Amino acid sequence: MELPVYQQIIEDIKKRIFSGELKPGDAIPSENSLCETFGVSRMTVRKGLAILVNEGYITSIPGKGSFVNEPDFEKYTLYFNEMSTGVTTIDNTKLIEVKIILPTNKLQMSLNLSSNKKVILVKRLFYSGSEAVAYDEKYLVYYKGMPVVEKEIKYGTFPEMISKFTSLFAIKKELTISAQMPDQQISKYLSLYNAMPLLVVEQRLFNAQDNPIGLGITYFKGDNCKLFASSSFTD
């Protein structure tokens, strides 16, 4: 099936960019030129150009035209699933504790909470086979009447835990990755007998209004977790 004309315009310009015919800073053909080449209205051309702008390929400057962007290869798409570490798959989880608490000063700052706003604390261990490979803490902003379903909490990923209360499409996420030495409690949970830094992935979830709604911290044994990210403008 033939592509819509606006999509043909998109693919034609992308092809020129990928081949090197159009380089960063180069002007792409004018709207009038594209109208003549593809035999379409200015509205159709502008629809295609708007998509290219949104995807980061070009920048449109009123009165001057549209220009190829310099690719930003400092941006990566990071793939992270706390139940699949990139080295091993989580076979089982153990729910250590679920309780409603008042937030610490750190939690108040991270989740933008008042000191009397309650939080659900969830502690879990992740297992690959019989080995505990990660320790996990989740902090969910508590609302009166909010059910705490232990089965769903035990096996759910962080976004799944709050999917009952907000659309997954509305959730925004931030990840912070660091290496940290475990404290005594985490060392005990993970049976760490020697000093061993852990890979720590901290997740913050936001609703559609950009209000923080949850904080998750997962401590992975370093030899049991590998993260993957990619950077590319190609489809």
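The values are calculated or read from the model by the stated rules, or taken from the named source; none is laboratory data. Only a predicted model underlies this, so the values are computations on that prediction, with no experimental measurement involved. Cβ coordinates were reconstructed from backbone atoms using ideal geometry, including for glycine residues, and neighbour counts include every protein chain displayed.
Pick out the one residue from PHE67, PHE126 that is hydrophobic (A, V, I, L, M, F, W, C), under 30 Å from ASP12 (Cβ atoms) and touching an Asp or Glu at 6+ places or on another chain (Cβ under 7 Å). None of the other options fit; the residue is PHE67.
Among TYR79, TYR57, which is the only one that is in contact with a Leu (Cβ under 9 Å, 6 or more places away or on another chain), touching a residue at least 60 places away in the same chain (Cβ under 8 Å), surrounded by 10 or more Cβ atoms within 10 Å (Cβ to Cβ) and among the aromatic types (Phe, Trp, Tyr)?
Working: TYR57 fails: in contact with a Leu (Cβ under 9 Å, 6 or more places away or on another chain).
The match here is TYR79.
For GLU97, the requirement of being surrounded by 11 or more Cβ atoms within 10 Å (Cβ to Cβ) and either touching a residue at least 24 places away in the same chain (Cβ under 8 Å) or not assigned by TED's automatic domain parsing to the domain that holds TYR127 (or both) is not met.
In the range 115-130, which residues are part of a strand (DSSP E or B) and touching a helix residue (DSSP H, G or I) at 6+ places or on another chain (Cβ under 8 Å)? I'd like the intermediate steps shown before the answer.
Restricting attention to the range 115-130, the residues satisfying the condition of being part of a strand (DSSP E or B) are 119-128.
Scanning the range 115-130 gives VAL119, VAL122, ARG124, LEU125, SER128.
Scanning the range 167-185 for residues that are in contact with a helix residue (DSSP H, G or I) (Cβ under 8 Å, 6 or more places away or on another chain) and in a loop (DSSP other than H, G, I, E, B) gives a single hit, ILE171. The requirement of being exposed (fewer than 12 other Cβ atoms within 10 Å of the Cβ), touching a helix residue (DSSP H, G or I) at 6+ places or on another chain (Cβ under 9 Å), more than 27 Å from PRO4 (Cβ to Cβ) and modelled with pLDDT under 95 is satisfied by LYS23. Within the range 186-204, the only residue that satisfies the criterion of being part of a loop (DSSP other than H, G, I, E, B), more than 19 Å from LEU95 (Cα to Cα) and touching a strand residue (DSSP E or B) at 6+ places or on another chain (Cβ under 6 Å) is PRO197.
Condition (residue is in contact (Cβ under 8 Å) with a residue 24 or more places away in the chain, assigned to a helix (DSSP H, G or I) and within 28 Å of SER231 (Cα to Cα)) applied to the range 33-42: is it met by at least one residue? No - not one qualifying residue is present in the range 33-42.
Candidates in the range 205-224 are the residues that are in contact with a helix residue (DSSP H, G or I) (Cβ under 7 Å, 6 or more places away or on another chain) and assigned to a strand (DSSP E or B); of these, the one that is surrounded by the fewest Cβ atoms within 10 Å (Cβ to Cβ) is PRO212.
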